[in-house]
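One structure is given here, and the rest of the page talks about it.
The values are calculated or read from the model by the stated rules, or taken from the named source; none is laboratory data. Just so you know, these numbers come straight off a predicted model, no measurement behind them. Here Cβ is always computed from backbone atoms with ideal geometry, including for glycine, and neighbour counts include all displayed protein chains. Side chains included, ligands, DNA and RNA excluded: accessible areas come from the protein's heavy atoms. Shrake-Rupley method; radii C 1.70, N 1.55, O 1.52, S 1.80 Å.
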Amino acid sequence: MIRKLTMIIGAVMMAVLASCSSGSFTVEGELTDAGTQNLRFVYASAGNITSQWIPSVGGQFSLEGNSKELTVVYVFTAQMKYLTHVAVKNGETIHLSGKISDPWHIKAEGSDVNVEWTKFIHAHAADFAAGATTKTDKAIEQYIKANPTSVVSTLLLACDYSQITSDRARTLLASIAEEARPASLLEPFASTIGENAMAMARVQPMSLLDRNDSLVVVDVKKKRLNVLYFWHSTAEADSARRLSVKGLREMTGGDVAVIDICINPDTLGWARTVRADSLKSTHYKALQGPVDKGLIPLNIKGENFIIVADSTGRQLYRGTSVDDARKTIINQKDSNARKN
């Protein structure tokens, strides 16, 4: 009788514990070079965006969140440098390990989905780190074609594909099996959540190299509106970059400045490219490429990336569309005109 009672109590306790654990999720881990600082975690749940600062003590941290449906949790440093993302829902514990200095090799364990997702990121870490979105987009397209029934295909498209608003992205989405497209990841696309968090960082004065090899400070405070154009490829046949620059230069003048910044560490290649530039743009070079101190808080997402910012450094647009950048400029000018 006592043994039977003990078994019943044990079963009840296990049920209670399971009930409690299923009401939340955990993202924990250790980043060996994080030290003591606050990390920021951002995710969506039940139509709301949750943003939490979680202390890292000796590199160790633990977030407890709540989402009944699969959601994407974005992780940032105290300076709002993007580190990684994981997919999680209530009842799951995801463990992260790695280094802040090498975010593209941060490891995620705790579910098959995250193991597979980070496996893809690790395999293409060099291209992600370099901002080579042409290469990473192609790799994502190939993965989706080969794995149409995997939710990882949806995660890669929603969170890591650079042309998320394009017709190509919509075609790719339609090719993924319905059971691999959770509504929680699509309404809106998970990348929107991350972008909103990234856009919170203000554009600060940047120390950049000009075409005369002089270090200069570029400050958006000098103009009411600023178009920052970040590019990577120094190939002579880089038609995409030239078309983007041409379209952006049309916005120059008056209270609008176009700031052309190369994020390719290859200084010699950059010098050859700008010398041959018939568009005569004003060029700058980030000395340390995409990991330059002044660029890290902006989380530049690949080549031919555009940020429109006002004179306070507030980001008004982030993306790769010249047309959308132009619309942002026009709308902002119209808004200012109505105020005056």
Tell me which helices (runs of 4 or more DSSP H) are completely within region 100-186 and hold 3 or more residues being over 15 Å from the mean Cα position of the chain (by Cα) and more than 30 Å from Leu31 (Cα to Cα), or say none if there are none. 133-146, 167-175
Restricting attention to region 195-209, report how many residues are part of a loop (DSSP other than H, G, I, E, B), open to solvent by 80 Å² or more (accessible area, probe 1.4 Å) and modelled with pLDDT under 75. 1
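Can Ala123 be described as open to solvent by less than 40 Å² (accessible area, probe 1.4 Å), more than 26 Å from Ala201 (Cα to Cα) and out of contact with any Leu (no Cβ under 7 Å at 6 or more places or on another chain)? Full working, then the answer.
On the way: open to solvent by less than 40 Å² (accessible area, probe 1.4 Å): no; more than 26 Å from Ala201 (Cα to Cα): yes; out of contact with any Leu (no Cβ under 7 Å at 6 or more places or on another chain): yes.
The answer is no for Ala123.
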Can you say whether Asp102 is at pLDDT below 95 and at negative phi, as far as the supplied structure shows? yes
Which of the residues that make up region 136-172 are at pLDDT below 90, of a type outside the set (S, T, N, Q) and open to solvent by 50 Å² or more (accessible area, probe 1.4 Å)? Asp167, Arg168, Arg170
Do we find a residue being touching a helix residue (DSSP H, G or I) at 6+ places or on another chain (Cβ under 9 Å), open to solvent by less than 10 Å² (accessible area, probe 1.4 Å) and either over 28 Å from Thr154 (Cα atoms) or modelled with pLDDT of 85 or more (or both) anywhere in region 210-226? yes
Of the candidates Ala78, Ala87, the one satisfying the condition of being in contact (Cβ under 8 Å) with a residue 40 or more places away in the chain, open to solvent by 10 Å² or more (accessible area, probe 1.4 Å) and within 22 Å of the chain's Cα centre (by Cα) is Ala78
Failed item, numbered, when Thr234 is tested on (1) at pLDDT below 75; (2) more than 27 Å from Gln79 (Cα to Cα); (3) surrounded by fewer than 15 Cβ atoms within 10 Å (Cβ to Cβ): (3)
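Determine whether Asn114 is touching a residue at least 12 places away in the same chain (Cβ under 8 Å), open to solvent by less than 30 Å² (accessible area, probe 1.4 Å) and more than 25 Å from Leu298 (Cα to Cα). Break it down stepwise before answering.
On the way: touching a residue at least 12 places away in the same chain (Cβ under 8 Å): yes; open to solvent by less than 30 Å² (accessible area, probe 1.4 Å): yes; more than 25 Å from Leu298 (Cα to Cα): yes.
Yes; evaluated as a whole, the condition is true for this residue.
Kindly provide the set of residues from region 173-194 that are of a type in the set (Asp, Glu) and at pLDDT 60 or above, ordered by number.
First, pick out the residues of region 173-194 that are of a type in the set (Asp, Glu): 178-179, 187.
Answer for region 173-194, where residues must be of a type in the set (Asp, Glu) and at pLDDT 60 or above: Glu178, Glu179.
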